[in-house]
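These notes are about the structure you will find just below.
No value in this document is a laboratory result; all are computed from the given coordinates. As the structure is a prediction and not an experimental result, all values here were calculated from the model. Note that each Cβ is placed from the backbone with ideal geometry, even for glycine, and that neighbours are counted across all protein chains shown.
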Amino acid sequence: MQDISPKQNVRLAVLRAREAMSVRERADAGRFIRDAVLGRPEVEMAASVAAYVSFGTEPDTRSLLFALWKRGTYVLLPLLLPGGDLDWASYEGPDSLTAGRFGLLEPTEPRRGVDAIKAADVVLAPALAVSPSGLRLGRGGGSYDRALARVGPNILTVGLVYDAELLDSVPAEPHDQRLRAVVTPSGGFQECHS
Ligand SMILES: Nc1ncnc2c1ncn2[C@@H]1O[C@H](COP(=O)(O)OP(=O)(O)O)[C@@H](O)[C@H]1O
Ligand SMILES: [Mg+2]
C-alpha cells in the first residue's frame, strides 16, 4: 500500500466519518453551529464577516450566511483562484451565488481581490479538524493558510467543525495558520489557546 502522510490519514478518516453521518445529523449540526456563531457578541458586532458556502458533507453554512446578510452584516465569500489562493466578493443573498470551479458555489458580485479578507472583523473558515490550540487541517489546497496569513492578529478567526473533528492534536507544518476559535455543535464557541 502507498504511504500516506499523517495529514492525509486524518483527512480521509474525517471525510469517511462525515459520510457516515445521516442527513438529519448533519442538518442538526449545521443549525447548532449557526446559532452559536450568530449569538456570539463579536459576530453580532462585526460589520464584516468573511465566510464560505458549505458543500457536500460540510456543516451547512447556507442559513448562517442568509441570517448574517439579513441582519445587515457585510458578508464576504471566497472564490477559488487557479493556484489555490482565494479572491473575495460580497454575498447579496442566495440568488447571488453561482457554480464556480469544481462546482463550488461562488459569489457573482465584483471581485475585491485577495487582500479583501483583511477588512473582515471575523473570518469563518472551513476545516476538517481543529486542535484546542487552533491548528487547522484543511482539504490539502492550503488556500486558507494563504488567506489567514493576511489577516491581523486581532481578527477573530473561527473554524466550523462537527464534534468529532475537534481533535486533541492535528498534524501540522510550519506554514499552517492557527485559528483563534472553533465552533462545534455540542461545544458551541470555544476559544483556542496555543
Ligand atoms: N502561504 C502559502 N503560500 C503558498 N503556498 C502555500 C502556503 N501555505 C500553504 N501552501 C501550499 O498548500 C499546500 C497544502 O497545505 P496544507 O496545509 O497541507 O493544506 P490545508 O491547509 O488545506 O490542509 C502546501 O504544501 C503548500 O504547498
Ligand atoms: Mg494547512
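Run the dipole for the stretch 6-191 about the Cα centre, Lys and Arg Cβ at +1, Asp and Glu Cβ at -1, nothing else charged, and hand back the magnitude in debye, nearest 20.
Numbers: 22 positive and 23 negative charges, 31 e Å.
Using Cβ point charges on Lys, Arg, Asp and Glu, the stretch 6-191 gives about 160 debye.
Output the Cα-based Rg and Dmax of the chain in Å, rounding Rg to one decimal and Dmax to a whole number.
For the chain, the Cα-based Rg and Dmax read 15.6, 52 Å.
Once Lys and Arg get +1 and Asp and Glu get -1 on their Cβ, which of G39, G113, A181 lies farthest toward the positive end of the dipole of the chain?
G113
Over all directions, average the projected area of the Cα convex hull of the stretch 17-68 and note it in nm². Could the numbers behind the result be given before it?
Numbers: hull surface 14.7 nm².
Answer in nm², one decimal: 3.7.
Put a dot 7 Å past each Cα toward the Cβ at D145 and M21; how far apart are the dots in nm?
2.5
Largest first and to the nearest Å, give the Cα extent of the stretch 68-159 along each principal axis.
The Cα atoms of the stretch 68-159 stretch 37, 30, 21 Å along the principal axes, largest first.
Of the candidates Y162, Y74, Y52, which one comes out as most mobile in a Gaussian network treatment of the chain with C-alpha springs shorter than 10 Å?
Y74
From the helices alone, meaning DSSP H stretches of at least four residues, give me the mean residue ellipticity at 222 nm for the chain, per-run term -39500 (n - 2.57), in deg cm²/dmol to the nearest 500.
Working: 5 runs with 51 residues, N = 194.
So the calculated ellipticity at 222 nm is -8000 deg cm²/dmol.
Given G56, V161, L148, which one lies farthest toward the positive end of the charge dipole of the stretch 56-194, if we put +1 on the Cβ of every Lys and Arg and -1 on the Cβ of every Asp and Glu?
Ranked along the dipole, the leading option is L148.
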